[in-house]
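Notes to accompany the following structure.
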Amino acid sequence: MEGIPARARVYVACAALGALLCLLPLPALRTPWWAVALLAALYAGCEQIARRRFAGTCYPVLLAGAFLLPAPAAALVAVPGALLSQGAALRRVWRAAQSALAVHTAARVHWALDGRDAVVAPDFPYALVPAGAAVLAFCLVLALLDGGIRALAERVPVRRAWRGLLLRSLAPVAVHGLAGLMMAVLWRSPYGPVAALLVLLPMCVSWWVFAQYHRERAAHQATIRALVQAVDIKDGYTRGHSERVGQASMMIARELGMDAERVEVLRFAGILHDVGKLGVPTRLLRKDGPLTPEERRVIELHPEYGHEMVRGISFLGEARAAVLHHHERLDGSGYPYGLVGGQIPEPARVVAVADAFDAMTSTRSYRRARPVPAALAELQRCAGSQFDPHMVAALTRVIERSGWHPEVTAGEGRVPAQGGPVTGRPGARR
């Protein structure tokens, strides 16, 4: 945990202190401690199963505690399960504090709207109102705390640290809240806690579906890694280039305000943009010095080769268009089809800028790397003719704000070919 900034550690400590303050009234409470212990044990057990087997978390039990117990007791339900979870000590303390604060707030809101009486009665549909408000409060606290830790620990810009957190969590937590409400109503019914536990069965099914999604996603990542490794082995001078283009594409997409799903697609597009080089003779990729016109025509086939390779991979979506068109130019002089301006798909325009930037800031067999400011200046010079000005401006802003540390992908002892960099066409041999 040495890499965690001091300010993030202070933030976690403040959250833990806030959670402890929420628990202070516990000794004076008149509450069924057997219910607190049962819910805490249930939450701890479900968390272990959910995180190890299903890659999820067990919010229904926490929210059931918020609907059944006073706020301090409900907050206590979250603590043992979080502290006993896997991970470093600081991470476990953070989970415990975050969960306790969120549950405490949800219980307060639920109590203030007479939700406890609506559960005991039970009074439907009114019981849904305090439960819904409690779920919203729960999500708000989680989003606020998550955004803060992102800004401090991951150094995400403050204006983007909280973007999308609440909306992404609201729908799944609302489902968990409904399950928690069902648990609370059954708990207070003549059937008791045993009947309440049956509510967790459909949640287990949903966790299993979620786990299948994550396994499928892991398979997608493995497919992409295998393709990229094949390209890196074939073209040793550009080893690491694909990952860096993926990172730069993702930075541009985020700066443009694209949603998380499109950002991920742009990352895939950047990583796979050169996969068609697997169809290009190795001697051309590793050739020192300038290419002949015939050799250049062969290399310029790689976008079409790449598109043929990935066209059947459905999860790539519009990333496939970026693989095919990332060498098109706004003025129509690019390849393979000479598309003009807006005819070029947006992902391809993003990847084109990211590709050229990394090509210029990396040493190749035919020239040495340029400094980052020089590469940005060259992109700006070619904006409007070769590159989309909006993409160039986005990359410039994010690099000026966050920096860029390009890797040298060829040996330092290699002498660049005569003629040096290709002017007017940044990273022309990519």
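Scanning the chain for helices, which whole DSSP H stretches are 30 Å or more long along the axis (Cα) and average -0.5 or more by Kyte-Doolittle?
Both cut-offs are met by 89-112, 128-153, 165-188, 200-234.
Quickly work out the Ala174-to-Ser314 label distance, labels modelled 7 Å from Cα along the C-beta direction, and quote it in nm with one decimal.
Output for this residue pair reads 2.7 nm.
Could you tell me whether the range 301-342 comes out rounded, prolate or oblate from its Cα gyration tensor? Rule is a ≥ b ≥ c as square roots of the eigenvalues, rounded for a/c under 1.5, then prolate if a/b exceeds b/c, otherwise oblate.
It comes out oblate by the Cα gyration axes.
So with the 1.4 Å probe, I'd like the accessible area per residue for the chain, rounded to whole Å².
Heavy-atom accessible area per residue stands at 46 Å².
Please work out the Cα center distance from the range 55-112 to the range 292-323, rounded to the nearest Å.
The two parts, judged by their Cα centres, are 49 Å apart.
Round to a whole number: what % of the accessible area of the chain belongs to carbon and sulfur, probe 1.4 Å?
Reported share for carbon and sulfur atoms: 62 percent.
Show that you can apply the helix-only estimate: for the chain, add -39,500 (n - 2.57) for every DSSP H stretch of four or more residues, divide by all residues, and state [θ] at 222 nm to the nearest 500.
Mean residue ellipticity at 222 nm (helix-derived): -21000 deg cm²/dmol.
Can you list which of the chymotrypsin sites (Phe, Trp or Tyr not before Pro) found in the range 121-227 are DSSP loop residues with at most 16 other C-beta atoms within 10 Å?
Tyr126, Trp162, Tyr191
Give me the net charge of His220's neighbourhood, meaning all other residues with Cβ under 14 Å from the Cβ of His220; Lys, Arg count +1, Asp, Glu -1.
Net local charge, His220 excluded: +2.
The values are calculated or read from the model by the stated rules, or taken from the named source; none is laboratory data. What you see is a predicted model; the values in this text were computed from it and never measured. We place every Cβ from the backbone using ideal geometry, glycine too, and count neighbours over all the protein chains shown. In case anyone asks, the SASA skips ligands and DNA or RNA and just uses the protein heavy atoms, side chains included. Shrake-Rupley method; radii C 1.70, N 1.55, O 1.52, S 1.80 Å.
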